[in-house]
Amino acid sequence: MTDSPELHDPSLARYIRQVRYPGVGAEGQRRLLAARALVCGCGALGSVLANTLARAGVGHLRIVDRDFLELNNLQRQVLYDEEDVAAGLPKAVAAEAKLRAINSQIDIEAIVADVDHTTIGRLLQDVDVIVDGTDNFETRFLLNDAAVKFGIPWVYGGCVGAEGQTMSILPGETACLRCLLQDAPPPGSTATCDTAGILAPIVNVIASLQACEAIKILSGHREAVSRCLQVFELWDNRMRQVGLDSLRETGNCPTCRQGDFPWLEGRRGSHTVVLCGRNSVQLSYPDRHAVSLDALAQQLQGVGRITRNRFLLRLEVDKFQITVFPDGRAIVAGTDDMTEARTVHARYIGA
């Protein structure tokens, strides 16, 4: 048997095992190399997603994450190591360095920012697919609003304990997230990594399914995309698929049927959020100007222990650790009470 000449194309050489798979082929690989993906969140799911898509040859990866690395992330966040934690790096920045070493032929764009209604527009510019590496439903409903409005496919995923689920949304073709869930679950009503823990294998399973769905979409095979909600429970060895066609056909979804986009328009969602598994609260101030970390370091001299790099400044005082980013966001560790977090921030950083 003689190989197709396309298999000897130098631009495809590193992907030859993937090209040999009939579902991708040389044409599918070229589509991947020309594609642009937004990896929204680069923690547990997002680090597996970014790693897999970079190795698959997705030509441009835009990675956005608001958080920095901690030691307990390493149990499940596969891109990072102890040196990244010791350096106090934001996850997006550490991921960018790792991914450039993995595949120097693609473009990696790291953005340290919160994803909200004020930033989502520029983050989605020119992307062909969105993959969900977030840890909260407010952001997922925002992604759903934006994806449906702008006609961008997106792949939802979520994990807690040993259970995870994923579904693919093709706007205009399949049910959307709001077809499945009318609203974000109230705080405290669902298990989190804090309350139920998280096993790394379920993260790898769900993120791998998400990545495969993204590869189908980007390689030009939307017909192969799953039309089901897929649910896996690895500890008790349970799997199921839930068909979603009837939700779109018989429902009257406020988003994909009525064109209501409250999260995208800023009518829903908050700028303060308790971070999953962190005993921390993020405070965002989208209307404020950028923060000078140099000036803030001078202001805080003598208040507590200060560490900083060009990406963030960290103040350790009393039982709290306050991390401030140049865009004005702050993460207050040592409490999961929003009121207390705002008080601490106002006391040391300013109202």
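The values are calculated or read from the model by the stated rules, or taken from the named source; none is laboratory data. Here the structure is a predicted model, which means the values were calculated and not measured. No Cβ is skipped: glycine too gets one built from the backbone with ideal geometry, and neighbour counts run over all protein chains shown. For the accessible areas, the whole protein counts, side chains as well, though only heavy atoms, and no ligand, DNA or RNA atoms are used. Shrake-Rupley method; radii C 1.70, N 1.55, O 1.52, S 1.80 Å.
Between Asp260, Asp245, which is surrounded by 11 or more Cβ atoms within 10 Å (Cβ to Cβ) and closer than 30 Å to Tyr21 by Cα?
Asp245
So in the range 89-105, with the set limited to residues that are open to solvent by less than 10 Å² (accessible area, probe 1.4 Å) and out of contact with any Asp or Glu (no Cβ under 8 Å at 6 or more places or on another chain), which one is farthest from Val58 (Cα to Cα)?
The qualifying residue farthest from Val58 (Cα to Cα) is Leu99.
Working only within the range 271-305, note down all residues that are over 25 Å from the mean Cα position of the chain (by Cα) and surrounded by 16 or more Cβ atoms within 10 Å (Cβ to Cβ).
Within the range 271-305, Leu293, Leu296, Leu300 meet the criteria.
In the range 163-175, what residues are surrounded by fewer than 23 Cβ atoms within 10 Å (Cβ to Cβ) and in contact with a strand residue (DSSP E or B) (Cβ under 6 Å, 6 or more places away or on another chain)?
Result: Glu163, Gln165.
With Arg268, Arg238 as the choices, which residue is among the basic types (Lys, Arg) and within 22 Å of the chain's Cα centre (by Cα)? Give the steps one after another, and end with the answer.
Details: Arg238 fails: within 22 Å of the chain's Cα centre (by Cα).
None of the other options fit; the residue is Arg268.
Name every residue in the range 121-155 that is in a loop (DSSP other than H, G, I, E, B), under 12 Å from the mean Cα position of the chain (by Cα) and not β-branched (Val, Ile, Thr), in order of residue number. Please lay out each step first, then the result.
Restricting attention to the range 121-155, the residues satisfying the condition of being in a loop (DSSP other than H, G, I, E, B) are 124-128, 133-136, 151-153.
Narrowing further to those that are under 12 Å from the mean Cα position of the chain (by Cα): 133-136.
Within the range 121-155, Gly133, Asp135, Asn136 meet the criteria.
If I ask for residues that are crowded, with 16+ Cβ neighbours inside 10 Å and in a helix (DSSP H, G or I), which ones from the range 212-242 would you list?
Passing the criteria: Cys212, Glu213, Ala214, Ile215, Lys216, Ile217, Leu218.
What number of residues within the range 307-327 are of a type outside the set (A, V, I, L, M), within 23 Å of the chain's Cα centre (by Cα) and closer than 13 Å to Asp67 by Cα?
Total satisfying the criteria: 5.
Any chance the range 176-197 includes a residue that's modelled with pLDDT of 95 or more, out of contact with any Pro (no Cβ under 9 Å at 6 or more places or on another chain), surrounded by 15 or more Cβ atoms within 10 Å (Cβ to Cβ) and under 22 Å from Phe68 (Cα atoms)?
no
Here are some conditions: (1) under 22 Å from Asp84 (Cα atoms); (2) in a loop (DSSP other than H, G, I, E, B); (3) of a type outside the set (Phe, Trp, Tyr). His289 meets all but one. Which one does it not meet?
(1)
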